[in-house]
1. Report, in debye and to the nearest 20, how large the dipole of the chain comes out about its Cα centre when Lys and Arg carry +1 and Asp and Glu carry -1 on their Cβ.
2. To the nearest 500 deg cm²/dmol, what mean residue ellipticity at 222 nm is calculated for the chain from DSSP H runs of n ≥ 4 alone, each contributing -39,500 (n - 2.57), summed and divided by the residues?
3. List every residue whose amide H lies under 5 Å from the amide H of residue 19, counting only residues 5 or more places away in sequence or on a different chain, with H placed 1.01 Å from N in the peptide plane.
4. Please work out whether the chain counts as rounded, prolate or oblate from its C-alpha gyration tensor, where a ≥ b ≥ c are the square roots of the eigenvalues and a/c under 1.5 means rounded, while otherwise a/b larger than b/c means prolate and anything else oblate?
5. Working from Cα positions, state the angle (0 to 90°, nearest 10) between the long axis of helix 48-60 and the longest principal axis of the chain.
6. Show the residues, 5+ positions off or on another chain, whose built amide H is closer than 5 Å to the amide H of residue 10.
7. Can you tell me the relative contact order of the range 11-60? Whole percent, Cα pairs under 8 Å, sequence separation 6 or more.
Amino acid sequence: MAFNQEQHYTACVRFNEKAIIVQTMSGNGMMAIDHMYQPFILPLDVDDIALSNALLQALSNR
């Protein structure tokens, strides 16, 4: 993924006792979860590579 320095990228990472959830955020000023994109729901024992790939994918959704 090539990042444009003039553009803002936002993702939300939350977790509970069952999973880690990575979601794309969008908005201009007031940010909200972007429901156009499915969240990444990962197990708690996810490896670093899979977690970073999910985060990069959530950031690259436009």
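FYI, it's all coordinate maths here, none of it is from the lab. Worth saying up front: this structure is predicted, and the values here are computed from it rather than measured. Counting neighbours? That spans all protein chains shown, and the Cβs are built from the backbone with ideal geometry, glycine included.
1. My answer is approximately 180 debye.
2. -6500 deg cm²/dmol
3. Amide H neighbours of residue 19: none.
4. oblate
5. Taking the Cα atoms of the chain, the angle to 48-60 is about 30 degrees.
6. The answer is 25.
7. 35 percent
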